[in-house]
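The values are calculated or read from the model by the stated rules, or taken from the named source; none is laboratory data. Here the structure is a predicted model, which means the values were calculated and not measured. So basically every Cβ, Gly included, is an ideal-geometry build from the backbone, and we count neighbours across all protein chains shown. These area figures cover heavy atoms from the full protein model, side chains too; ligands, DNA and RNA do not enter into them. Shrake-Rupley method; radii C 1.70, N 1.55, O 1.52, S 1.80 Å.
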Amino acid sequence: FSLLTSVFLAREAIASPPAPINTEKVNQLRQDLREMIAFARDRVFPSLVNIRVITVQYFDGKEQKGQAVGSGTIISPEGYVLTNFHVADNGKKFKCTLADKQEITADLVGEDPLTDLAVLKLNLKELKDPSLVLPAAKFGDSSELVLGDTVMAMGSPWALSRSVTLGIVSNTERVLAASDDEAGEMRFDQDQRTGIFNQWIQHDAAINPGNSGGPLVNLKGELVGVNARGTFFGGDMGFAIPSNVAAAVAARLIEQSE
């Protein structure tokens, strides 16, 4: 082709209208995604609880009471709730709001600061209907997560009503070892870091204070992580404890309490 012919063909290509959009196919894909998200949401959302904690600490011989909030997930029909250690830490009284807005108390079963996990047990006798079978989330295999997988973070941000946010997995083996890591530090006994045995699942589903202890959920509707950390200064990073760690620790804490 001559240069003039090449220029003419290039102009024709630019001027050519784009291929028509298959609106029906686009709408079907949108509907399929919506149904997939709704399916996963509905398998876990009913087991989500809001946790209100009355804390007691002692300084200079004086008792000081405070309040903390967080989220948790019912993991068994017997009423066991999985949450973070830093949510339950120093807790003396625990009140949990269920999906149907019932508020009942719970007792601390056990806690493990090195993985930043804790287990509570709901006082089922306080239910309006004690025969009610509680919805319980199922653990998924966190080792199957890959970069780019879609996940949902559930919880009660800023102590507000329950919410769901959507994002993707950014890193499956994030290690936060430095004292100046980007997620900040959480400590217990004033000089030790919590969660130091974790390789975190990093994701960009929005989490905020109050989301701590809430579930990270895959599109199968499985619990694949426990949200514990976030960056609250303009970043879009959340960090969750892998479900394979959480399931093993929860089972051990429950077993030791029986």
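Out of segment 235-249, which residues are in contact (Cβ under 8 Å) with a residue 24 or more places away in the chain and assigned to a helix (DSSP H, G or I)?
Start the filter on segment 235-249 by keeping residues that are in contact (Cβ under 8 Å) with a residue 24 or more places away in the chain, which leaves 235-247, 249.
SER243, ASN244, VAL245, ALA246, ALA247, VAL249, listed by residue number.
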Members of segment 32-53 that are assigned to a strand (DSSP E or B) and open to solvent by less than 50 Å² (accessible area, probe 1.4 Å): LEU48, VAL49, ASN50, ILE51, VAL53
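Does any residue of segment 223-234 turn out to be part of a loop (DSSP other than H, G, I, E, B), within 15 Å of PHE85 (Cα to Cα) and open to solvent by less than 10 Å² (accessible area, probe 1.4 Å)?
We begin by selecting, within segment 223-234, every residue part of a loop (DSSP other than H, G, I, E, B); these are 231-234.
Next, from what is left, pick out any that are within 15 Å of PHE85 (Cα to Cα): none.
No, every residue in segment 223-234 fails to be part of a loop (DSSP other than H, G, I, E, B), within 15 Å of PHE85 (Cα to Cα) and open to solvent by less than 10 Å² (accessible area, probe 1.4 Å).
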Consider GLY110 against the criteria (1) farther than 18 Å from LEU223 by Cα; (2) out of contact with any Leu (no Cβ under 6 Å at 6 or more places or on another chain); (3) at pLDDT 95 or above; (4) surrounded by 16 or more Cβ atoms within 10 Å (Cβ to Cβ): it satisfies all of them except one. Which criterion is unmet? (2)
Out of segment 60-99, which residues are part of a strand (DSSP E or B), open to solvent by 10 Å² or more (accessible area, probe 1.4 Å), touching a residue at least 60 places away in the same chain (Cβ under 8 Å) and of a type in the set (A, V, I, L, M, F, W, C)? VAL69
Could you check, for segment 112-127, whether at least one of its residues is under 16 Å from PRO242 (Cα atoms), of a type in the set (A, V, I, L, M) and part of a loop (DSSP other than H, G, I, E, B)? yes
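Tell me which residues, restricted to segment 136-161, are crowded, with 18+ Cβ neighbours inside 10 Å and either in contact with a His (Cβ under 9 Å, 6 or more places away or on another chain) or assigned to a loop (DSSP other than H, G, I, E, B) (or both).
Keep residues of segment 136-161 that are crowded, with 18+ Cβ neighbours inside 10 Å, which gives 136-137, 139-140, 142, 145, 151-157.
The answer is ALA136, ALA137, GLY140, LEU145, VAL151, ALA153, SER156.
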Count, please, the residues in segment 116-134 that happen to be more than 26 Å from TYR58 (Cβ to Cβ) and surrounded by 18 or more Cβ atoms within 10 Å (Cβ to Cβ). 2
Consider ARG252 against the criteria (1) modelled with pLDDT of 95 or more; (2) part of a strand (DSSP E or B); (3) open to solvent by 20 Å² or more (accessible area, probe 1.4 Å); (4) of a type outside the set (Ser, Thr, Tyr): it satisfies all of them except one. Which criterion is unmet? (2)
